[in-house]
1. Would you give the gap between the C-alpha center of the stretch 44-61 and the C-alpha center of the stretch 385-432, rounded to a whole Å?
2. Test of understanding: extend the Cα→C-beta vector of residue 39 to 7 Å, then name every residue of the stretch 451-493 with backbone N under 13 Å from that spot.
3. So which GluC sites (Glu not before Pro) in the stretch 236-290 are both in a DSSP loop and have at most 11 other Cβ atoms within 10 Å of their Cβ?
4. Roughly what % antiparallel, to the nearest 5, for the DSSP beta bridges in the chain?
5. Take peptides 484-497, 214-227, 110-123 and line them up by average Cβ neighbours within 10 Å, highest first, as a rough protection proxy.
6. Can you sort 282, 276 so the residue with the fewest Cβ neighbours within 10 Å comes first?
7. Once amide H atoms are placed 1.01 Å from N in the peptide plane, what residues at a sequence separation of 5 or more from residue 135, or on another chain, have their amide H within under 5 Å of its amide H?
8. If you stretched the chain out fully between residue 50 and residue 105, how much longer would it get, using 0.36 nm times the residue separation minus the C-alpha to C-alpha distance?
Amino acid sequence: MSDALENLLSETRRFAPPAGLAEHANVTSDAQPADRLAFWETQARRLTWAREWDTTLDWSNPPFAKWFVGGQLNVAYNCLDRHVAAGLGDRVAIHWEGEPGDTRTITYAELLTEVKRAANALTGLGVGQGDRVAIYMPMIPEAAVAMLATARIGATHSVVFGGFSVDALSGRIADADAKLVITADGGYRRGAPSALKPTVDEAVKLCPSVEKVLVVRRTGEDVAWTGKDLWWHETVTPASDEHEAQAFDAENPLFILYTSGTTAKPKGILHTTGGYLTQASYTHHAVFDLKPETDVYWCTADIGWVTGHSYIVYGPLSNGATQVMYEGTPDTPHRGRFWEIVEKYKVTILYTAPTAIRTFMKWGDDIPAGFDLSSLRLLGSVGEPINPEAWIWYREHIGRGECPIVDTWWQTETGAIMISPLPGVTHTKPGSAMSPLPGISADVVDDTGKSVPNGGGGYLVLREPWPSMLRTIWGDDQRFLDTYWSRFDTMYFAGDGAKRDEDGNIWLLGRVDDVMLVSGHNISTTEVESALVSHPDVAEAAVVGATDPTTGQAIVAFVILRGGVDGDTEALRGHVAKTLGPICKPRQILIVPELPKTRSGKIMRRLLRDVAENRTLGDVTTLQDQSIMNLITAGLKSGTSAED
């Protein structure tokens, strides 16, 4: 890749913070603090420490950071005990909604009692400080209980998304050398029970480190039973509800979370305790402007992803939030399920993914219009860059044209939000993450590591350590150095392309792996996708670069149309050329019924490149619906495309 990414899209729309929100906002300035470490000390003091730290940051052996050195605290105490001690035990912690419609309302006092019992049960099973616990669960309250109980006793959890295969699960259990697995018989997904225990049984056969498997009964389906298996209701429920939280060192490992890498072996991202909780808690308070006495917050992620760790479990609960947790999918039993839940619980803050937003656009404006969404006061997006048209649709059709949108950039590796508007301060631009949060030093640089000027594109880096940063890759310090710190000396390279607009605001351009080199121009797939989705006929688009004898790479687009539209591919090609310039005109546009996505909603462009270049499809094991590729390749053969 040459010096910089092309800066193609221009966005002139601006949205000021609502006056009422700005007047009472938790954070009223986005200025960078003069003393960054003093700023983070102040945020750390939002938590309860058993012993305050001696040193705020030890950066004597970069890039291996230690934050709040000498400090001691307990994560679960900060999420539960201190709220109950403050007289907030009757406050609802979780409104849980099962996919079939069953519900549970759990107060902070009740959640604390369950976590204490689970902590005693885990201790009774021989789990202690430093041990690893694998958690493979549906979206049920016991998943959060399992995480908090593990943290309470100083052990380290590794949550694996409850849709991963035997190979994916066993690899993660083995890499972490976990001694206990916590799972369920299954969960509900798309209207039917989805079994989890058979996957665990097969995985555990490959993992001699596992001593016991703790199983929550959720669906009631028959499951095979082994000598290692214990029922949750027979082990945790009868356990004592007396348990005093012990303080642990700020650098005590809290969790390992595996993320895919360029090699077959996933990377175990290690996060520790004090710095992680400081930043997860502060950013949840600041970015979502949380008012715990009145807000009902809903993050629609799964706990198997980092969003679920930071913004379902640790961030919200450390702030005493009342939140919604939902087990199922957005279209079960109907496509208005999310909006039904917002209406039912009077959700005020909604945090979801651009993929979901584009899906709702595709389903039609009339669906959310059928529900009362007037309780919403703030919207958030997470997971990938959001294109301007999806941002505008979200604001207009979900936020009534009034709710501010916080488009957040962060990663599994960063642990917490790094770049985002502040809802009481920022005049937002549709599609831009805007600027680094106070205390965060992010930059966009060229190949040489030099900051690009306004209007330029390049690589997103972090110049200074931050509290919730990953400490290493579990068991592989060298891979940690090679993956994140080798590209630019002393700077963390996120792997994402970005640009600065004329005002200096940051726009994410997706993974640099998804940059196309067309006739010497570095073009981001994100910008071409945004241009396509800005056309009124298009609901969603995915763009890849395919080998081309003339231009090096050519742009191939896969497009889902809005309901009832036939679609003129030639008009769409012209629309892109007009929006971004002739160099960005797709060679080929293919109309498809769906796009290949992982279970977390990310588009698998690798498979689309295989289609575009007429190659045999690569590994499809993480694909949510493997039949989609058959539909796409069949459509390609039937000629539903346009090309010169």
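None of the figures in this text is laboratory data; all of them are computed from the coordinates on show. Only a predicted model underlies this, so the values are computations on that prediction, with no experimental measurement involved. Heads up, the Cβs are rebuilt from the backbone with ideal geometry, glycines too, and the neighbour counts pull from every protein chain shown.
1. 31
2. Only 463-467 fall inside the zone, counting backbone N under 13 Å.
3. On the way: sites: 242, 244, 251; in loops: 242, 244, 251.
Passing sites in the stretch 236-290 are 242, 244.
4. Values: 62 of 101 bridges.
Taking every DSSP beta bridge with both residues in the chain, the antiparallel ones total about 60 percent.
5. On the way: 484-497: 17.9, 214-227: 15.7, 110-123: 22.9.
Result, highest mean Cβ count within 10 Å first: 110-123, 484-497, 214-227.
6. On the way: 282 29, 276 25.
Fewest-to-most ranking of 282, 276: 276, 282.
7. The answer is 158, 159, 160, 182.
8. Working: separation 55, 0.36 × 55 = 19.80 nm, distance 3.07 nm.
Working it through step by step, the gained length comes to 16.7 nm.
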